[in-house]
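Reviewing the structure listed below.
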Amino acid sequence: MKRIRVPSQLLAARPRATPACPHRAQQLCLSQRRSQSTSSEAAFEEVEETDLDAAPIDPAELSPRYPPLDPLSKQSARYPSPLPSRSLSSAKLAALHARLYLSERVPLQTLGRALVDSTADHNPQFNNTNLAFLGHTLINYHVSEYLMVRYPRLPMTIMYSAIAAYAGPAALHQVARSWGIEAAAVPGGEVDPGLLQFNASEAPVVPTTFGSRRSEADYLEKYKWRRGINSRVIFDNDFGEVVNTKARESNNGTLQPYGTPETRETAETAYANAVRAIIGSVYAHCGREAVKSFIQAHILSRTLDLSSLFAFRTPTIELAKLCAREEFEKPVARLLSETGRKSRTPVFVVGIYSGKDKLGEGAGPSLDAARTKAAMNSLKAWYLYSPGEDVRVPSDMLVEDAPAWEPAHIDIGEVV
Amino acid sequence: MRRSVNLRQPLRLLSDCSCSSRTASPTTRCISTSSNTATRPRAAEQRPAVRSSGQCRTYAHNPHKLEKKKRWEARNGLVDEYIPETDPALDLPELSIPINIKPPGRVRLAPSPENIDDSTYIPAASGEGLEEVGSVADWWENDKHWAPSMNYVGFSRREKITDAAVLEAMTRRAVVETLAVKHIEGDRALTGTWMTGGREAMLKALAVDVQVSEDGAVSLTGDLQAVVEGLKPAPQAEVQEIEPEVEQLERQEGLETAQETAVQEEDAAVVSDQEAYSDVLPSEDAHQLRKSWGNSWKSVSIEDPTLKFALNKRIQQLTGHIINDAKLITVRNVASYLSVLVKPPPPKKLVELLERKGDLPSLPNVKVYPRRVTPVDKERMVGRWKVIVNELQKRDLPVTGTAGYSKTPEKKWAQAKP
């Protein structure tokens with residue numbers, strides 16, 4: 001079997017881009033894809049057969065008493081990832097397919113490929129880079145539109161956090177764990193195709209659909225430069241994080257100790273990429289509707305307490321600015337009730353009123369704390385406004401015979 | 001079964017030999033394994049020209065045994081007086097019964113020291129250290145000294161037929177033959193001795209059409225007479241010049257080296273096996289026949305005990321399968337007989353059983369392995385094995401096994417063992 005490497009247009013680097021991961025920038029850095037306007041010529045490059053033939057001889061395989069359990073595994077061991085045909089006989093893969101209730105149109109081979117991370121097999125025709133990219137865009141699209149329509153007044157930082165909480169690597173890692181995806185100890189062709197394969201000694205590759213590398217990226221961490229929200233919107237990725245700050249020096253050949261922050265990050269990214277790739281394969285084989293319901297079932301159904309994401313520095317001032325901007329009356333704090341003023345644990349309940357409208361109320365051990373709390377609650381009530389649970393998202397219009405679109409609420413933005 | 005043989009002829013010959021070599025020295029004794037003309041019984045000239053192998057094996061009708069029995073009866077007072085019969089066979093100095101064995105040859109002795117011309121020859125003072133040449137100790141253990149016709153031939157087929165279609169065809173043949181015998185010769189003939197028959201007899205029986213009417217009556221259409229004739233032993237009238245097997249043996253012994261003999265014997269064994277099993281249908285033919293017959297003939301009733309017994313005996317003869325009585329009682333028709341008869345051989349491994357059942361291996365999320373999944377396999381499945389091999393080889397340590405290193409001695413010390 002010959003494997004042909006095709007550097008796809010998707011993966012080609014932008015001409016002037018600085019390679020963030022120098023050792024294999026051309027293959028894997030998706031963040032440089034956006035500026036790619038012209039197609040790169042498809043150069044076919046054959047992987048040399050010689051280095052594949054020089055697979056080390058396993059002394060245990062020579063024993064006539066224990067012939068290989070899988071006759072294909074010896075042939076497959078010459079490649080960095082299992083042969084696609086081995087996916088058909090993997091019990092783990094079939095179990096995962098059934099557990100996720102995937103359609104029969106999603107073949108086991110694709111599911112097997114979705115579990116091969118780009119750190120395990122650098123050939124994009126046999127790893128999950130492309131599928132993960134597709135899944136990443138789909139997840140982020142559905143999560144973003146859900147949050148935008150459901151909570152139209154969310155500030156941008158909260159929006160970033162919320163998207164990361166639904167679609168970020170940590171969340172997707174948890175999803176993958178809950179799906180029962182297990183990881184192989186070391187990637188290789190002889191490994192069971194039902195196991196997630198990644199190489200912990202290499203730097204993780206995060207698919208990035210948005211943002212580009214800042215010119216001052218190297219100094220951001222060094223000097224702790226502040227990143228304003230506008231620059232984050234322009235330069236940073238979907239979760240408001242800096243794109244490819246630093247390339248990790250990979251030391252091939254030596255085993256990395258387990259449990260370092262680097263290996264943990266690689267593992268987390270690999271799990272997340274597997275989930276993205278599975279969602280991408282659902283889209284590729286079953287279409288838009290199927291992937292939407294799949295994302296709703298597995299991603300958007302997760303509970304997220306948005307109110308816990310907020311952190312106000314000066315809530316009273318912010319509330320006053322908000323009332324001024326919205327041409328409400330000035331907010332006034334009024335003591336609603338109190339108990340134990342002279343005691344060790346007094347409780348004051350303060351309400352904030354704008355004219356006759358109560359914006360919010362809060363309780364605290366002092367008048368000041370209660371007022372601040374009431375201001376926070378008022379702001380949260382404003383920012384977490386929701387038109388309703390059954391609000392329609394733009395992708396609902398893609399269904400045939402969809403009712404006419406009612407314009408969603410668009411907020412003018414947060415109080416700066 | 002150990003073969004027994006009447007050693008009358010060889011004994012006589014041995015005594016002749018000992019008489020003729022009285023002058024031989026006892027120091028070195030040589031027994032020739034090659035037969036010469038002196039060992040050939042003179043009765044060979046008197047033998048009838050035609051002799052079938054079946055006649056050679058009729059020891060049960062030994063006249064000596066009859067004589068012995070009569071003598072015993074006279075001694076115990078069962079009969080009045082013992083009068084020896086004037087049987088010409090007993091009076092003859094040599095028996096005319098040919099024996100298909102090769103007896104040991106004449107004993108040849110080395111010349112005595114006085115008769116040796118070589119002046120440097122010093123006779124040995126004791127037997128210690130002398131080479132022993134030839135012996136008759138294991139003579140009868142050697143298959144070359146027995147004719148193949150002396151082998152035990154059992155009633156059942158030696159190797160059981162396992163192919164389901166062939167078994168069904170053989171059952172059909174047995175049913176046809178049993179019903180034909182019952183129809184033509186009556187119930188009494190069902191207990192007779194039937195020949196296994198060759199391929200022709202089988203094809204004749206399989207060509208007979210069996211029809212079962214609704215009331216259970218069976219009608220056979222075909223050449224039933226030929227089928228019945230095929231069960232009887234072949235007529236003796238065919239005159240053929242058959243060389244006695246002993247002579248073949250002797251000639252082989254005299255002319256050929258041991259290696260060539262072995263090769264020929266193998267060939268002969270293969271040929272004889274092929275002849276013995278030429279009556280078995282090829283599996284493809286049996287499948288075709290099974291399709292053409294359908295299932296209607298299997299409703300032939302075999303509730304009649306005589307018929308059932310004859311059928312069972314015939315099937316045992318043809319296929320080698322013995323159905324025990326407990327199962328035979330439950331059999332009422334041919335279909336139920338087949339359900340008892342046609343069974344796959346018991347699986348040797350669990351995986352064979354599971355594959356035969358088929359429910360577990362057909363599940364996609366279940367993997368059935370043909371052998372034990374070793375720790376090495378488990379490491380290989382998660383990809384760690386290649387790392388283990390690399391690290392062990394880097395340190396010149398054995399990958400599997402201990403490479404001659406003993407177990408850890410500290411364990412022995414801890415257990416306070418010597």
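The values are calculated or read from the model by the stated rules, or taken from the named source; none is laboratory data. Since the model is a prediction, treat every value here as computed from it, not as a measurement. A quick note on method: Cβ atoms are made from the backbone with ideal geometry, for glycine too, and the neighbour counts reach across all protein chains shown. What goes into the accessible areas is simple: the full protein's heavy atoms, side chains included, and nothing from ligands, DNA or RNA. Shrake-Rupley method; radii C 1.70, N 1.55, O 1.52, S 1.80 Å.
Couple of notes before you dig in:
- A simple spin-label model places pseudo-atoms 7 Å from Cα toward Cβ; at B:Leu130 and A:Ser386 they are separated by 11.5 nm.
- Qualifying GluC sites (Glu not before Pro) in the range A:296-330, where qualification requires a DSSP coil assignment and no more than 14 other C-beta atoms within 10 Å, comprise A:Glu326, A:Glu327, A:Glu329.
- For the range B:330-396, accessible area per residue (1.4 Å probe, heavy atoms of protein chains only), Å²: 66 Å²
- Extension gain for B:Ser149 to B:Ala414 (0.36 nm times residue separation, less C-alpha to C-alpha distance): 88.6 nm.
- Solvent-accessible surface (1.4 angstrom probe) belonging to A:Val242, in square angstrom, nearest 10: 30 Å²
- Taken as Cα centroids, the range A:92-106 and the range A:128-174 sit 24 Å apart, rounded to the nearest whole angstrom.
- Ordering of A:207-217, B:291-301, A:266-276, A:81-91 by burial proxy (mean other Cβ atoms within 10 Å per residue, highest first): A:266-276, A:81-91, A:207-217, B:291-301
- A simple spin-label model places pseudo-atoms 7 Å from Cα toward Cβ; at A:Arg227 and A:Glu327 they are separated by 3.8 nm.
- A versus B: buried accessible surface, summed, Å² (probe 1.4 Å, to nearest 100): 1800 Å²
- Each DSSP beta bridge with both residues in the range A:310-385 is either parallel or antiparallel, and the antiparallel ones are about 100%.
- Solvent-accessible heavy-atom area per residue, rounded to whole Å², over the range A:310-385 at 1.4 Å: 62 Å²
- Whether the range A:297-416 is rounded, prolate or oblate, judged on the alpha carbon gyration tensor where a/c under 1.5 counts as rounded: prolate
- Taking every residue in A:267-280 and counting other chain Cβ atoms within 10 Å of its Cβ, the average works out to 0.
- Taking 0.692 mPa s as the viscosity and 37 °C as the temperature, the Stokes-Einstein diffusion coefficient of the range A:152-205 based on its alpha-carbon Kirkwood radius rounds to 243 µm²/s.
- Packing-based ranking, highest mean first, of B:203-210, A:298-305 given that Cβ atoms within 10 Å are counted: B:203-210, A:298-305
- Using only side-chain charges placed at the Cβ, +1 for Lys and Arg and -1 for Asp and Glu, the dipole size of the range B:282-386 relative to its Cα centre rounds to 540 debye.
- Number of partner chain Cβ atoms within 10 Å, mean per residue of A:93-101: 2
- Computed E for B:Leu350/B:Arg384 - FRET, C-beta separation, R0 45 angstrom, nearest 0.05: 0.95
- Tensor-based shape of the range A:295-364 (alpha-carbon gyration tensor, a/c under 1.5 rounded, otherwise prolate or oblate): oblate
- Interface residues of the range B:356-381, defined as those losing at least 10 Å² of solvent-accessible heavy-atom surface relative to the isolated chain (probe radius 1.4 Å), are listed as B:Pro364, B:Asn365, B:Lys367, B:Tyr369, B:Pro370, B:Arg371, B:Arg372, B:Thr374, B:Asp377, B:Arg380, B:Met381.
- Peptide-level mean, for B:400-409, of C-beta atoms on other protein chains within 10 Å: 1
- Among B:Thr191, A:Thr110, the sequence by solvent-accessible area, most first, with a 1.4 Å probe is B:Thr191, A:Thr110.
- Most positive-pole-ward Cα, B:Trp413, B:Leu360, B:Gln393, against dipole of the range B:356-418 from beta carbon charges: B:Leu360
- Enclosing the Cα atoms of the range B:356-418 in their convex hull gives a volume equal to 181 cubic angstrom per residue.
- Alpha-carbon centroids, the range A:266-304 and the range B:119-179: separation in whole Å: 74 Å
- Stretched out straight at 0.36 nm per residue, the stretch from A:Gln125 to A:Ser293 would grow longer than its current Cα-Cα span by 57.7 nm.
- Projected label distance in nm at A:Glu61 and A:Ile317, using a 7 Å step from Cα toward the beta-carbon: 7.0 nm
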